[in-house]
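**Q** Please read through the structure below; I'll follow up with questions.
None of the figures in this text is laboratory data; all of them are computed from the coordinates on show. None of the values given here were measured: they were computed from a predicted structure. Because the Cβ atoms are built from the backbone with ideal geometry, glycine has one as well, and the counts that use them run over all protein chains shown.
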Amino acid sequence: MSREAISILPILVIFMPWVSLIGAAVFGKRKPAAARAVYVGGTAATLLLIVPMFPRALEGLVIRKHLAGSGPGISLALRVDTMGFYFALLLAVMWLLAVIYSLGYIHGRQTRYYCFLALNFSFCLGVAFSANMFTLFVFYELMSLFTYPLIIHDETEVARKAGFKYLAYSIPAGAVLLAGVILQFFYGDTLAFLGRSTIHLSQVGKPILLVIFSIYMLGFGVKACIMPLHGWVPDAHPAAPAPASALLSGVILKVGIFGIVRVVYDVYGVELLEALGVSLWMLIVAGITIITASLFAMSQDDLKRRLAYSSVAQVSYIVLGLFLLSPAGAVGGLLHIAHHAFMKGTLFLCSGVIMHETGKRNISEMEGIGKKLPLTMGAFTVASLGMIGIPLTAGFITKWELGVGALQAHRPYFIAVLLISSLLNAVYFLPIVYAAFFKGDSKQAGFPRNETSKKMLVPVLAAGAFVIILGVFVTVPGLPYSLVKVVVGSVF
Amino acid sequence: MNASFNHPVLIVVVPLLFAALCPIIGLIRRSLVVWLALFGTACTSFLALSLIGRVTPGNDLSYHLGGWEPPWGIEIRIDTFGLLMVCVISTLGILLVLYSWKYMERELPANRLSYYYTLLMLIYTAMLGFSITGDIFNMFVFMEIFAITSYALVAVTGEKRALRAAFKYLLMGATSSVCVLLAITFLYSVTGSLNMLDISNTLAELSPDYIRVALAALVFFITGFSVKAALFPVHVWLPEAHSIAPSPVSALLSALVIKMGVFGIFRILFTVYGPGFANETANWKSLNEVVAWAAALSILAGAAFAIAQKDLKLMIAYSSISHIGYIVLGICLLSYHGTAGGFYNVLAHAMGKASFFLVAGCFLYKKGFRRIEDLKGLGRSMPISSGAFALASLSVIGLPPSAGFIAKWNILWGCLDSRKYLFAGVVLLGSVLAAVYCLKVVYYLFFTGPRMRDTRIEEAPAAMYVPAALLSLGTLFFGIFSGLILPSLNSASRILMIR
Amino acid sequence: MNWSRIFQNLNYAVSLLLFLMGLYTLAMKPNLIKKIMGLNILETSVFLFIVSIGMVDSGQAPVMAHGAAQQVVVNPIPQALILTGIVVAVSTTAVSLSLCIRIHQKYGSLDACEILGREVA
């Protein structure tokens, strides 16, 4: 088997979600049942198309496809490497859960919602399969723009404000990112991702490398919500409908992280970053983000707002792992992309169930809610434990690897950050669980035992199950660990 | 060259012929005129597109009018840039005539419709001639034809404010034409020729006594064409003229006519004078720098004014000033990437801005709305027009994967190439500002107003939304398949810089 | 000041004077008709300039009869240029005057300040 193969499969994967889009446009209002089938079918078919690329991805091989191009740097090309495959697989699973959940959750403006859901799916897959920074930027910007309709879906005043804030952060970030891409192309060899450093200290000089690096961190940092660029997150997440928040937090924030991963491994490379000495700064920023965001999360009464701040903190775990620049740290960081997606996905989907069934958003009103929604709150509990990092959950694996990574990198004090963060996680998640199950009058009239509809319950439970599966069957091929090992093995 | 190959001159003659035919046919049957105009533009477009294979970078197509050898006779000289202009003008021409069919029926009394199409054909003739001529005085004549025609087109409805706008436009336009004529005279007095290539050769070895006159001529040229292009300090005529004119005319003026000013600047700076002109490279370069600064200011000022506007068409008009800035900045960066990017923006902006104005026209036609705030929820009742607007705004902002993005990418690349980092910042800031004014409209169209089920679809006639939608799709097409045009623009610009 | 030099190039000096006059009238006079007159003066100044550069001392009119003796003639091209230029100028004037008529019909005034003032009407 050659190292590189050319296949049309990546294109098919990227355009498969458009089936849902067309379905929404054609059947949208006239045949709701058919439209629903197409939404789920299109997403599932995408997942099925991604799976055949698995064997190559596991061996670290690459699939390529050139699309169009002209002029200097302008080249649209796709490339599926292990990292891209891992991310795409995660995207597809999360999207499938979210779409099924949406069938039960979304009641108004369905056509628009599913159209933009499908478009975002397509563009996120495009980011995952980009062969060069130009393509990545193209899909990234599209994704950035088309997330807006999901955030303001409810068209309430709050949602509009959140949407405005989102754009106010994203559009300048896009311009900054464009500057980064073009500077990289101007000073580096190529925009292509080759799995190695493509910009050289000897040719360019340290100041410019630092400038380009900071520009990239600013550009991607807005999506990856590194403080102080996180401002839009706590507003956008609560405003969006629950499945969209789950996607926002679970994967769309990770698209920013994915960009940083590319910058770290395919633009700069580990040695160059060590030589530049920027990793410590990024570690400090990530550490501050983790602690501060957790503290912010504690003071929120709105459940989704608390979850949003928690996301800000958790995404910085990934940044932390990446910039430890040690193998175990990288494994921990990259694993957390998937682990956090499932944990936070579960939590957001649960919050959606709570809102949908009881209309409650505030944590202080949720006493005794576990008696009404035992399964949902069970999943919530599992995910909360995962967040804290209890063994046998996905969160524990991440924290363990990150801890080992910190030791490998000879920066043991970052273990303290992890421990403090776990503690804070416990402080802001466990009271919710406690209140839900052990507080409140069990005979309260408002809370008869009444689980939500299957369409919403199944994704919640599935996501919750993943939190445990990923924590127990860590090394099964196909689960994140096996793929991340290949990625990290090729870098270090 | 095959002697029977007369396409270059036919590009000018055919629309002129149809311009003359229009009022005559109009006397016989009024309803035929629009079909005649459509046929005429289609023929022109066919002629223009048929030249695509024949012009390659560095290998211009030269045609001697009446068989007179240049520099005595008038030469038609089509290079890659001219070809791009010709193709854009003639293709956009078809769509604008098609759009005018329904739109102008309402704006004009039936007996004056045929004159409108005459003016339309005449302005195409002039712009096509302007783009391909190799003779500097011939260029002036064509410039005057399209200028006078465009004054008339602005005032064509006879509406009060339109008349005033047209008069303002006329005064500034005519003064700028005098500047250009004066510059031609200066140049003729030192070179004794009117043929561009001939002048260029003479200028390369100009005796030091005449350098000052040549430089003065250059300054007058730039001043004159800047007014036509509506660069920042002399843009004052544009917003009113472009926003008050009937929508297809606005689209024509914004998408094509102001590009002629830019093309004039380009022709003078590069084809006639050129980098090596008589060892005066330093002066030539500093003049380029000055124009680039004016362009950079245009980008920011145009975008800032556009944000402040409440009237949709006025906003689009100010946005044109900003985009003209991009084009001129790209050309004046003295990097071939920049030049290629600038000309790519000619294409991108022609499609994007024409689509904007046509959509604004659809709203006016169907609902009578001009103010941005009135557009609430129109995305639901007029989905195709609004969708076209949203798609075109990608290109106007310069978001990928639209043609505007490719242009911006190349202009940015040119900025880096010539180490002008400040201009790169201006380009990026300009696109952020563009996002503000474009997305504001998209927001009103799609995310406000009544719910879907409460609205009925009331789309404008197909003859109006189809051109707008096609132009929007064009921005997307040329964004993804930039390989069709960009490589030849790149190599043509490179040749230009070496010369 | 070298008066004799200016006197020798009187047509250039007059052309400059006309140019400035025209520009002043165009920019400063509020009356639209006067603006058009200013425009015409401006154009005339350029025409004068063009003819002047084609002038050859003691040159004849450039009418070449077949077999005629070699003689000094003035440059015919500038003269051809102004002919075209005059046509262009006349058409510009025609368009502007017709616009003036329409403006007068609609606004009842030809004063630029008044017309601008009635924007909202």
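**Q** Largest first and in whole Å, give the semi-axes of chain B's equivalent ellipsoid, each being the square root of 5 times a Cα gyration tensor eigenvalue.
**A** 35, 26, 20
**Q** Through the Karplus equation 6.51 cos²θ - 1.76 cosθ + 1.60, θ set to phi - 60°, convert the phi angles of segment B:359-368 into ³J(HN,Hα) values in whole Hz; use x for Gly and Pro.
**A** 5, 4, x, 4, 4, 4, 5, 8, 10, x
**Q** Note down the Stokes-Einstein diffusion coefficient of segment B:243-330 in µm²/s, whole number, using a Kirkwood radius over alpha carbon pairs, 10 °C, and 1.306 mPa s.
**A** Answer, rounded: 112 µm²/s.
**Q** Which whole number gives the average, over all residues in B:162-171, of C-beta atoms from other chains lying within 10 Å of the residue C-beta?
**A** 6
**Q** Can you give the convex hull volume of the alpha carbon atoms of the protein assembly as shown per residue, in Å³?
**A** 191 Å³
**Q** Could I ask something else about it? Hey, rough spin-label estimate for B:Leu422 and C:Asn31, points 7 angstrom out along Cα→Cβ, what's it come to in nanometres?
**A** Result for the modelled spin labels: 4.7 nm.
**Q** Over the Cα atoms of segment B:224-289, how large are the radius of gyration and the largest Cα-Cα distance (Dmax), in Å?
**A** Spelled out, the Cα radius of gyration and Dmax of segment B:224-289 are 14.9, 48 Å.
**Q** Going by average Cβ density within 10 Å per residue, which order do the peptides A:197-207, A:415-425, A:221-231, A:263-273 take, highest to lowest?
**A** Result, highest mean Cβ count within 10 Å first: A:221-231, A:263-273, A:415-425, A:197-207.
**Q** Tell me the net charge near B:Tyr465. Cut-off is 14 Å between Cβ atoms, B:Tyr465 excluded, with +1 for each Lys or Arg and -1 for each Asp or Glu.
**A** Charge balance in the 14 Å sphere: +1.
**Q** Tell me what chain A gives for mean residue ellipticity at 222 nm when only DSSP H runs of n ≥ 4 count, each as -39,500 (n - 2.57), the sum divided by the residue total, rounded to 500 deg cm²/dmol.
**A** Calculated mean residue ellipticity at 222 nm is -23000 deg cm²/dmol.
**Q** Summarise the partner chain shielding of B:399-409 as one whole number: the mean count of Cβ atoms from other chains within 10 Å of each residue's Cβ.
**A** That average works out to 5.
**Q** Given a Förster radius of 22 Å and the C-beta distance between B:Lys367 and B:Leu473 as r, what FRET efficiency does 1/(1 + (r/R0)^6) yield to the nearest 0.05?
**A** Between B:Lys367 and B:Leu473 the formula returns 0.40.
**Q** With charges only on Cβ, +1 for K and R and -1 for D and E, what is the dipole size of the protein assembly as shown about its Cα centre, in debye, rounded to 20?
**A** 2900 debye
**Q** Cα atoms only: what Rg and Dmax, in Å, come out for segment A:121-251?
**A** Rg, Dmax (Cα atoms, Å): 16.2, 54.
**Q** Residue-wise, which Karplus ³J(HN,Hα) couplings in Hz belong to segment A:482-492, taking 6.51 cos²θ - 1.76 cosθ + 1.60, θ = phi - 60°, and x for glycine or proline?
**A** Result, rounded to whole Hz: 4, 6, 4, 4, 4, 4, 5, x, 6, 8, 9.
**Q** By per-residue mean of other Cβ atoms within 10 Å, what is the highest-first order of A:320-328, B:473-481?
**A** Put in order of decreasing packing, that is A:320-328, B:473-481.
**Q** In which sequence would A:Tyr114, A:Tyr413 go, from the one with the fewest C-beta neighbours within 10 Å to the one with the most?
**A** A:Tyr413, A:Tyr114
**Q** For an R0 of 35 angstrom, estimate the FRET efficiency from the Cβ-Cβ distance between B:Thr448 and A:Ala25 and round to the nearest 0.05.
**A** Efficiency for this residue pair is about 0.95.
**Q** Another question, if that's okay. Given 20 °C and 1.002 mPa s, how large is the Stokes-Einstein diffusion coefficient of chain C in µm²/s, with Rh as the Kirkwood radius over Cα pairs?
**A** D = 125 µm²/s.
**Q** I need the semi-axes of the equivalent ellipsoid of segment B:357-499: take the C-alpha gyration tensor, multiply each eigenvalue by 5, square-root it, list largest first in whole angstrom.
**A** 35, 17, 11
**Q** For A:Val80, enumerate residues with amide H under 5 Å from its amide H, sequence gap 5+ or separate chain, H modeled in the peptide plane.
**A** Correct list: A:Ile63, A:Arg64.
**Q** How much net charge surrounds A:Ser310 when only the other residues with a Cβ under 11 Å from the Cβ of A:Ser310 are counted, with Lys and Arg +1 and Asp and Glu -1?
**A** Around A:Ser310, the surrounding residues sum to +4.
**Q** Further question: What are the ³J(HN,Hα) values, in whole Hz, obtained from phi via the Karplus relation 6.51 cos²θ - 1.76 cosθ + 1.60 with θ = phi - 60°, for each residue of segment A:15-24 in sequence order, with x given for Gly and Pro?
**A** 8, 4, x, 5, 4, 4, 4, 5, x, 5
**Q** What does a probe at B:Val436 reach in segment B:301-345, counting residues whose amide N is under 14 Å from the point 7 Å along Cα→Cβ?
**A** B:301-310, B:319
**Q** Oh, and also: Roughly speaking, what is the centre-to-centre gap between segment B:228-296 and segment A:373-387 when only Cα atoms are used, to the nearest Å?
**A** Comparing the Cα centres of segment B:228-296 and segment A:373-387, I get a distance of 65 Å.
**Q** Right, another one. Need one number: nm distance between label points at B:Ala462 and B:Asn111, each 7 Å from Cα along Cα→Cβ, rounded to one decimal.
**A** Here the modelled spin labels are 3.4 nm apart.
**Q** Between beta-carbons, use under 11 Å as the cut-off and find the net charge around B:Glu75, counting Lys and Arg +1, Asp and Glu -1.
**A** -3
**Q** Pairing the Cα long axis of helix A:279-298 with the longest principal axis of chain A, what angle in degrees results, from 0 to 90 and rounded to the nearest 10?
**A** 10 degrees
**Q** Now, a different point. Across the residues of C:33-39, average count of Cβ atoms on other protein chains within 10 Å?
**A** The shielding value for this peptide is 2.
**Q** How many angstrom lie between the C-alpha centres of segment B:4-64 and segment B:354-409?
**A** Answer, in whole Å: 30.
**Q** Still on this model: Compute the FRET efficiency between C:Leu97 and A:Ser364 as 1/(1 + (r/R0)^6), taking r as their Cβ-Cβ distance and R0 = 60 Å, and round to the nearest 0.05.
**A** 0.15
**Q** To continue, here is another question. Which entries in A:Lys161/A:Lys360; B:Lys259/B:Lys366; B:Lys313/B:Lys408; A:Lys304/A:Lys439 show an alpha-carbon gap greater than 28 Å?
**A** B:Lys259/B:Lys366
**Q** Grab the Cα-Cα distance for A:Leu210 and A:Phe438, subtract it from 0.36 nm times how many residues apart they are, and report the gain in nm with one decimal. Walk me through the intermediate numbers first.
**A** On the way: separation 228, 0.36 × 228 = 82.08 nm, distance 5.29 nm.
Net length gain for the segment: 76.8 nm.
**Q** From the helices alone, meaning DSSP H stretches of at least four residues, give me the mean residue ellipticity at 222 nm for chain B, per-run term -39500 (n - 2.57), in deg cm²/dmol to the nearest 500. Please report the intermediate quantities before stating the final value.
**A** Details: 20 runs with 365 residues, N = 499.
Helix contribution divided over all residues of chain B: -25000 deg cm²/dmol.
**Q** Here's something else I'd like to know. At what distance in nm do the modelled label points of A:Ile390 and B:Ile495 sit from each other, each positioned 7 Å from its Cα along Cα→Cβ?
**A** Rounded to a tenth, the inter-label distance reads 7.4 nm.
**Q** Same structure again: Considering just Cα atoms, how many Å³ per residue does the convex hull of segment A:4-491 enclose?
**A** 125 Å³
**Q** If you count, for each residue, the other Cβ atoms within 10 Å and average over each peptide, how do C:99-106, A:400-407, B:459-466, B:395-402 line up from highest to lowest?
**A** B:395-402, A:400-407, B:459-466, C:99-106
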